[in-house]
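Enquirer: Below are the structure tokens for one structure; questions will follow.
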Amino acid sequence: MTYQTALAIFLPVALAFAAFGSALGLGKAVSSAMEATARQPEASGKILVNMMAGCALIEALTLYVLIVVFVLSGKIS
Amino acid sequence: MNFFVSVAHASEEAAHEGAGAVHAAHKEGVQHLANFVTLIADALGGPVGEFLRTTENLIFTVLTIGVLCLIFYLGSRRITLVPGRLQAACEGVVEGLNGFVCGILGPEGRTYTPFLGTMFLYIWAMNLIGLVPLMKSNTANSITLPGPVPLPVPTTTVALALIVFVVVQAIGIRKQGITGYLDHMAGSPRDAFGWVMAPLMFPIHLIGELAKPFSLTFRLFCNIMGGHILVAVFVGMAVGAAFIPFQAPFLLFEIATSTIQAFVFTLLSTVYIAMMLPHDPKHEEHGSEGSRHAQVNHG
């Protein structure tokens with residue numbers, strides 16, 4: 001197996017793993033934000049702001065993998 | 001790629017939304033949208049073209065700063081007690097940023113609002129300007145490391161993150177004194193256990209402080225660059241298929257991402273400054289003191 005074949009097989013798999021992990025994390029964050037809003041609807045603005053910040057931090061990890069995929073996909077021939 | 005360049009010239013005259021030339025960079029394999037500086041540089045060629053290519057980022061930086069300064073200058077030219085529309089908008093923005101920063105840092109956070117607010121507006125403007133056709137975000141700019149692995153190293157975002165790093169450390173040293181700063185970095189040892197752990201805590205805190213600019217850099221760069229690559233890929237598909245703007249929903253998503261990433265950068269910078277300020281042992285958290293005191297009073 002050449003390195004190009006290995007890259008071509010495993011780069012999408014790596015991205016899928018990263019997306020899966022961040023989807024789980026985001027689901028947990030958003031669900032707890034929803035529960036907190038349901039408990040106290042007048043705080044929904046502040047909860048939304050904090051949820052957005054948390055989601056951006058979680059999303060960043062997937063994007064690190066995306067950049068690596070873009071960089072290494074140039075090495076496939 | 002002459003076909004794409006000629007297509008771009010035709011669509012400039014037709015003012016088509018979002019169509020631009022797509023350069024497939026053969027070395028990196030990533031698609032970038034052309035902006036007006038690269039188009040002019042390609043058209044001129046020669047030493048002037050080379051010069052334009054090297055100062056591409058400076059041109060967009062000056063453009064971004066010029067737009068921001070123009071908006072706020074026009075909003076503050078004739079300040080009246082009953083504000084006009086632009087002045088009211090500018091005041092609203094400044095008040096919102098001040099409220100946000102003081103919500104985390106407390107009332108004395110007003111000294112840091114100019115720095116953090118300008119950071120937010122600058123990053124937001126830079127991100128949004130990249131979404132205009134034929135313009136480019138400076139935050140998505142990177143240089144490719146020479147060598148076997150063409151790793152893109154971001155340029156503008158690392159500059160911003162280093163500024164935040166230096167400012168946070170300077171605030172820490174100035175507010176707590178040099179001994180207080182070293183004490184904070186060693187985990188504030190107070191009892192014997194603290195002193196035993198201090199040689200371990202100091203490298204951990206040091207690495208933590210150094211990891212902050214790294215994460216700030218790559219978070220902002222990856223989000224904006226990834227979004228722009230996504231838009232570029234869809235524009236490339238659209239150019240082949242009769243100019244249907246496939247990239248339109250992704251442009252809308254990119255507007256949201258630009259705002260959120262600027263906000264997260266500013267939020268994290270504010271939190272880093274908050275962690276460097278001297279902790280009052282009576283107040284554990286900043287910003288939620290009002291509600292907690294209210295609960296204590298009622299309970």
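The values are calculated or read from the model by the stated rules, or taken from the named source; none is laboratory data. These figures come from a predicted structure and were not determined experimentally. All Cβ positions, glycine included, derive from the backbone under ideal geometry; neighbour counts span all protein chains shown.
Enquirer: Go through region B:174-199 residue by residue and tally those that are touching a Leu at 6+ places or on another chain (Cβ under 9 Å), under 23 Å from B:Phe214 (Cβ atoms) and in a helix (DSSP H, G or I).
Expert: 1
Enquirer: Does A:Val71 satisfy the condition of being in contact (Cβ under 8 Å) with a residue 24 or more places away in the chain and either more than 9 Å from chain B (Cβ to nearest Cβ) or farther than 20 Å from B:Thr266 by Cβ (or both)?
Expert: no
Enquirer: Output the number of residues of region B:142-162 satisfying the condition of being more than 20 Å from B:Lys212 (Cα to Cα) and in contact (Cβ under 8 Å) with a residue 60 or more places away in the chain.
Expert: The total comes to 2.
Enquirer: Determine if region A:6-29 includes at least one residue that is of a type in the set (Ser, Thr, Tyr), in a helix (DSSP H, G or I) and either under 22 Å from B:Thr266 (Cα atoms) or more than 14 Å from chain B (Cβ to nearest Cβ) (or both).
Expert: No, every residue in region A:6-29 fails to be of a type in the set (Ser, Thr, Tyr), in a helix (DSSP H, G or I) and either under 22 Å from B:Thr266 (Cα atoms) or more than 14 Å from chain B (Cβ to nearest Cβ) (or both).
Enquirer: Next question. Scanning region B:233-249 for residues that are part of a loop (DSSP other than H, G, I, E, B) and of a type outside the set (A, V, I, L, M, F, W, C), which turns out farthest from the other protein chains (Cβ to nearest Cβ)?
Expert: B:Pro245
Enquirer: Being away from chain B (no Cβ under 12 Å) and not β-branched (Val, Ile, Thr) is the filter here; which residues of region A:30-40 pass it?
Expert: A:Ser31, A:Ser32, A:Ala33, A:Met34, A:Glu35, A:Ala36, A:Ala38, A:Arg39 - these are the residues of region A:30-40 that are away from chain B (no Cβ under 12 Å) and not β-branched (Val, Ile, Thr).
Enquirer: If you don't mind, there's one more thing I want to ask. How many of the residues in region A:41-68 are within 11 Å of another protein chain (Cβ to nearest Cβ), more than 17 Å from B:Ala262 (Cβ to Cβ) and not hydrophobic (A, V, I, L, M, F, W, C)?
Expert: 3
Enquirer: Let me ask something else. Could you run through region B:110-142 and say how many residues are under 14 Å from B:Val67 (Cβ atoms) and among the hydrophobic types (A, V, I, L, M, F, W, C)?
Expert: 10
Enquirer: Which condition from (1) at pLDDT 85 or above; (2) within 16 Å of the chain's Cα centre (by Cα) is the one that A:Tyr64 breaks?
Expert: (1)
Enquirer: Let me ask you something else. For region B:129-157, which positions are buried (at least 21 other Cβ atoms within 10 Å of the Cβ) and at the interface with chain A (Cβ under 10 Å from one of its Cβ atoms)?
Expert: The one that is buried (at least 21 other Cβ atoms within 10 Å of the Cβ) and at the interface with chain A (Cβ under 10 Å from one of its Cβ atoms): B:Pro154.
Enquirer: To continue, here is another question. Checking the conditions here, which among B:Phe165, B:Phe214, B:Phe202 is surrounded by 14 or more Cβ atoms within 10 Å (Cβ to Cβ), in contact (Cβ under 8 Å) with a residue 12 or more places away in the chain and within 17 Å of the chain's Cα centre (by Cα)?
Expert: So the residue among B:Phe165, B:Phe214, B:Phe202 that is surrounded by 14 or more Cβ atoms within 10 Å (Cβ to Cβ), in contact (Cβ under 8 Å) with a residue 12 or more places away in the chain and within 17 Å of the chain's Cα centre (by Cα) is B:Phe165.
Enquirer: Output the qualifying pairs, or none if there are none: Cβ atoms under 7 angstrom, residues six or more apart or on different chains, first residue in region B:75-92 and within 23 Å of B:Thr118 (Cβ to Cβ), second residue modelled with pLDDT of 85 or more and of a type in the set (A, V, I, L, M, F, W, C).
Expert: B:Gly75/B:Leu86; B:Gly75/B:Ala89; B:Gly75/B:Cys90; B:Ser76/B:Cys90; B:Leu86/B:Leu74; B:Cys90/B:Phe72
Enquirer: Report, ordered by the first and then the second residue, all pairs with beta carbons closer than 6 Å, sequence separation of six or more or different chains, a first member in region B:55-69 that is closer than 9 Å to B:Asn138 by Cβ, and a second member that is assigned to a helix (DSSP H, G or I) and modelled with pLDDT of 90 or more.
Expert: These pairs meet every condition: B:Thr64/B:Ala125; B:Thr64/B:Met126; B:Thr64/B:Ile129.
Enquirer: Right, something else. Since B:Phe243 meets every condition but one in (1) surrounded by 14 or more Cβ atoms within 10 Å (Cβ to Cβ); (2) without any contact (Cβ under 8 Å) to a residue 24 or more places away in the chain, which condition does it not meet?
Expert: (2)
Enquirer: Residues to consider are B:Leu182, B:Leu160; find the one that is at pLDDT 85 or above and either buried (at least 17 other Cβ atoms within 10 Å of the Cβ) or not β-branched (Val, Ile, Thr) (or both).
Expert: After ruling out the rest, the residue left standing is B:Leu160.
Enquirer: Does A:Ala6 satisfy the condition of being crowded, with 16+ Cβ neighbours inside 10 Å and either at pLDDT below 95 or under 26 Å from B:Pro150 (Cβ atoms) (or both)?
Expert: no
Enquirer: May I ask you to say which residue of B:Leu230, B:Leu220 is within 14 Å of another protein chain (Cβ to nearest Cβ), touching a Leu at 6+ places or on another chain (Cβ under 9 Å), in contact (Cβ under 8 Å) with a residue 12 or more places away in the chain and part of a helix (DSSP H, G or I)?
Expert: B:Leu220
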